[in-house]
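Trainee: Right, I'll just put the structure down here and ask away after.
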2 protein chains.
Amino acid sequence: MEKLIKEQQKRIIDELSKIDGNAFTIDEWDRPNGGGGISCVLQDGNVFEKAGVNVSVVYGKLPRPAIEKMRADHKSFVSADVDSLDFFAAGLSLVLHPKNPMAPTVHLNYRFFETSDPKDALNGKTNWWFGGGTDLTPSYLFPEDCEHFHKTIKDVCDTHDPSYYPKFKAWCDKYFYLTHRNEARGIGGIFFDDLDTEFIRQSSPASASISDKEAQERLFSFVTDGLCSFLPAYVPIVKKRKDMPFTEQEKDWQQLRRGRYVEFNLVHDRGTSFGLRTPGSRIESILMSLPRTAKWVYMDPVSGTRTDGVESEDVEGMEREKELMEVLKHPKEWV
Amino acid sequence: MEKLIKEQQKRIIDELSKIDGNAFTIDEWDRPNGGGGISCVLQDGNVFEKAGVNVSVVYGKLPRPAIEKMRADHKSFVSADVDSLDFFAAGLSLVLHPKNPMAPTVHLNYRFFETSDPKDALNGKTNWWFGGGTDLTPSYLFPEDCEHFHKTIKDVCDTHDPSYYPKFKAWCDKYFYLTHRNEARGIGGIFFDDLDTEFIRQSSPASASISDKEAQERLFSFVTDGLCSFLPAYVPIVKKRKDMPFTEQEKDWQQLRRGRYVEFNLVHDRGTSFGLRTPGSRIESILMSLPRTAKWVYMDPVSGTRTDGVESEDVEGMEREKELMEVLKHPKEWV
């Protein structure tokens, strides 16, 4: 996993630098309690207002409250009567906020976790799982972009298991949702967590007796393909949109949507919340997901969170903004 | 309390409108489950980028998870074996974000809560308490402004009890603190919660046998004076700073500080977090505390959250920004 994410990080920043014309700042850092990472950030570029592509490989001992937050379903941990666990985590995380309001923000994360047997750290069975996904957050809707993004991901999922895409697409729509606004963050993609042997066994009758090792290999291969599909899923979109003309009003709308991105990441995102509350974490790398700039407006006529049941006011000439809101209020099947 | 906060809301928006030259938008709203409020907001004014002065008077039944979050110390609730409680809450909340980076952001909130006896809603003893405070968040430090703000508040506190100011000033420094950044949100002020008969009895030996009614009157009088001291505490400062010349770089620094304000409100603020998670709350009124605009920078040389122990880099010509950071890292006694 460590090799995969470092290779992909390099490949991704090389490609994004070419598109932007600017190099990434590369910061290598050590974690005081074990491990470290490489944070690559490009700020105030030609194409990207802020682009962060981070790799981290960390290990050590996790205190109990952190253990419980580490896994979405907690199934194997909550009952374990232990105060701390040895753990290993490796992941690649990226968020790109382009300048042009016609070019969408994109997020991707793929991660692998491993924890020791709470009863027998040395010889016991390890507990491991994969998590991740990718999702697109446009300010203006181009249906062909949404279709391309979803189709690229679906194709990768389908080569592994036809049940993956519908399952992970629904999980994504549910996860990247601002409950306090009753709207989705963007047009989705895929999201998954806790993928382990049990998951593979339950996915298909043919895999009911798969070994732990085979399950791990199969999921690693899926995660590898998912990660490798990022550039073909996103690059054609950003290339098509990065030089489109736009008005000041359109830039302003993008800034309001960025405000929602901030709300999601600081209020709802499990990873950010976990990171901000974990002493010793590298705050600057966690918060690289925040946009370079964002705005808030009280009771914006199109996107304001109304309490009277009306979805958006009848504002003249804001058709494209209302079109986006419609999709965020009612997530669509894109492929 | 309802009368007090509505009168003060009117007085405050009248005075702020005069300073800005623009009127507030006044939205009256009803809460589906009981009560309502008046939200007064001034956006994109001459002096204020965003100013919100909200009153809410709400009542009804609170589910158990909300009960536990409603009170900082939970003392009387956690043991109570009930699923819901009748409650009444009235408060005034204001946040002003001026345009000029030399003029500080200010926040104030005064609130009163009452809940029924969990065992006997009709005839049982009610449980009530006051909470509130005010704090100042400058982007650039003017020691005389900080002293004036703190002195005005201290004078009010001292007329009620000389122990209030030191106690509530320390509580404020502790509460308005970004743990993930290891810095204060601003230069503080006062903050308190759970002020009830027990609090008054413990404050001074002379009040050891004060009645519930007298304690409530005494605290209401303190809260009234606190609320009335807002205009004299803040208005002279904003008048002095609102027309000062500033550079684009100074405006930019203000925007970074606004980013921290967003981080505090969305990640740490108990009231915001409670509101965003309570179904049926008026999101636009809760989030009026967010600034009109904010920025984030990866590893800003002056305010970036370093992991190497160095507090800020030796950046030429950023003396005033470093001066602010110094005070945020090491809160001061201003009077």
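Laboratory data are not the source of any read-out in this text; all were calculated from the coordinates shown. This structure is a prediction, so every number in the text was calculated from the model and none was measured. Heads up, the Cβs are rebuilt from the backbone with ideal geometry, glycines too, and the neighbour counts pull from every protein chain shown.
Trainee: Taking 1 over the mean of 1/r across every pair of different Cα atoms in the protein assembly as shown, what Kirkwood radius in Å do you get? Write down the numbers at each step before the final one.
Mentor: Working: mean 1/r = 0.0372 Å⁻¹.
Taking every pair of different Cα atoms in the protein assembly as shown, averaging 1/r and inverting gives 26.9 Å.
Trainee: How far, in nm to one decimal, is B:Pro32 from itself in the other copies if the label point is set 7 angstrom along Cα toward Cβ? Shortest first, please.
Mentor: 4.7
Trainee: P(r) of segment A:1-329 in 10 Å steps, Cα pairs, percent per bin?
Mentor: 5, 25, 33, 24, 10, 2, 0
Trainee: Tell me the label-point distance for the pair A:Lys119, A:Phe199, using the 7 Å Cα-to-Cβ offset, in nm and rounded to one decimal.
Mentor: In this crude label model, A:Lys119 to A:Phe199 measures out at 2.5 nm.
Trainee: Based on the mean of other Cβ atoms within 10 Å per residue, sort peptides A:90-100, B:163-173 so the most packed one is first. If you can, show how the numbers build up before the last one.
Mentor: On the way: A:90-100: 23.2, B:163-173: 18.8.
For the peptides A:90-100, B:163-173, the packing ranking is A:90-100, B:163-173.
Trainee: Hey, if you put +1 on the Cβ of every Lys and Arg and -1 on every Asp and Glu Cβ in the protein assembly as shown, which of B:Thr134, B:Gly304, B:Leu16 ends up farthest toward the positive end of that dipole?
Mentor: Positive-end residue among those listed: B:Thr134.
Trainee: Determine the shielding of peptide B:286-296 by partner chains: average, over its residues, the number of Cβ atoms on other chains within 10 angstrom of each Cβ. If you can, show how the numbers build up before the last one.
Mentor: Numbers: counts 2, 7, 3, 1, 8, 4, 6, 6, 10, 6, 14.
Partner-chain Cβ atoms within 10 Å, mean over residues of B:286-296: 6.
Trainee: In nm, what does the list of distances from B:Lys125 to its counterparts in the other copies look like, shortest first, when each label sits 7 Å along Cα to Cβ?
Mentor: Those label-point separations list as 5.6 nm.
Trainee: Further question: Grab the other residues whose beta carbon is less than 15 angstrom from that of B:Gly21, score K and R as +1, D and E as -1, and report the net. Numbers along the way, then the final one.
Mentor: On the way: positive: B:Lys18, B:Lys99, B:Lys239, B:Lys242; negative: B:Asp14, B:Glu15, B:Asp20, B:Asp44, B:Glu49, B:Asp243.
Here the count lands on -2.
Trainee: Mind giving me the nanometre distance, one decimal, between the label points for B:Asp27 and B:Glu326, set 7 Å out from Cα along Cα→Cβ?
Mentor: Distance between the two pseudo-spin positions: 4.3 nm.
Trainee: Taking a 19 Å limit on the Cα-Cα distance, which of the listed pairs A:Lys240/B:Lys295; A:Lys125/A:Lys167; B:Lys167/B:Lys213; A:Lys242/A:Lys332; A:Lys99/B:Lys295 fall beyond it? Intermediate values should be presented prior to the final figure.
Mentor: Values: A:Lys240/B:Lys295 27 Å; A:Lys125/A:Lys167 28 Å; B:Lys167/B:Lys213 24 Å; A:Lys242/A:Lys332 25 Å; A:Lys99/B:Lys295 14 Å.
A:Lys240/B:Lys295; A:Lys125/A:Lys167; B:Lys167/B:Lys213; A:Lys242/A:Lys332, as the Cα separations exceed 19 Å there.
Trainee: Using the Cα centre of the protein assembly as shown as the reference point, and only Cβ charges (+1 on K/R, -1 on D/E), how large is the resulting charge dipole? Debye, rounded to the nearest 20. List each step's numbers first, then the result.
Mentor: On the way: 88 positive and 106 negative charges, 24 e Å.
Its charge dipole is roughly 120 debye.
Trainee: What whole-number distance in Å separates the alpha-carbon centres of segment A:11-74 and segment B:207-257?
Mentor: Answer, in whole Å: 40.
Trainee: Given the Cα-Cα distance of B:Asp155 and B:Asp14 and 0.36 nm per residue of separation, how much length would full extension add, in nm?
Mentor: Working: separation 141, 0.36 × 141 = 50.76 nm, distance 2.46 nm.
Gain in length upon complete extension: 48.3 nm.
Trainee: If you don't mind, another one. Would you compute, from DSSP H runs of 4+ residues alone, the mean residue ellipticity of the protein assembly as shown at 222 nm, taking -39500 (n - 2.57) per run and dividing by the full residue count, rounded to the nearest 500?
Mentor: On the way: 23 runs with 264 residues, N = 670.
Here the helix-only value at 222 nm equals -12000 deg cm²/dmol.
Trainee: To confirm my reading of the symmetry, which residue of chain B has the Cβ nearest the axis that brings B onto A, and what whole-Å distance does it have?
Mentor: Residue nearest the B-to-A axis, with distance in whole Å: B:Leu266, 2.
Trainee: Further question: Can you list the distances in nanometres, one decimal and ascending, from the A:Asp161 label point to the identical position in each other copy, with the point 7 Å along Cα to Cβ?
Mentor: Ordered by distance, the counterparts are at 6.1 nm.
Trainee: Note down the nm distance, to one decimal, between modelled labels 7 Å out along Cα→Cβ at A:Lys239 and at A:Ser209.
Mentor: Going from the A:Lys239 label point to the A:Ser209 one covers 4.9 nm.
Trainee: Work out the mean other chain Cβ neighbour count within 10 Å for the residues of A:114-120 and drop it here as an integer. Kindly include the intermediate steps, with their values, before the conclusion.
Mentor: Numbers: counts 0, 0, 0, 0, 0, 0, 0.
The shielding value for this peptide is 0.
Trainee: List the relative contact order of segment B:1-329 as a percent without decimals, with contacts defined as Cα pairs under 8 Å and 6+ residues apart. The partial results should precede the final answer.
Mentor: Numbers: 563 pairs, mean separation 52.4, N = 329.
Dividing the mean separation by the residue count of segment B:1-329 yields 16 percent.
Trainee: Taking only Cα atoms, what is the 0 to 90° angle, nearest 10, from helix B:212-228's long axis to the longest principal axis of chain B?
Mentor: 20 degrees
Trainee: Could I ask something else about it? Quick one: putting +1 on the C-beta of Lys and Arg, -1 on the C-beta of Asp and Glu, what dipole do you get for segment A:202-335 around its Cα centre, in Debye to the nearest 20? Write down the numbers at each step before the final one.
Mentor: Values: 20 positive and 22 negative charges, 128 e Å.
Magnitude of the dipole: close to 620 debye.
Trainee: How far is helix A:143-160 tilted, in degrees, relative to the longest principal axis of the Cα atoms in chain A, given as a value from 0 to 90 rounded to the nearest 10?
Mentor: Once rounded, the angle reads 20 degrees.
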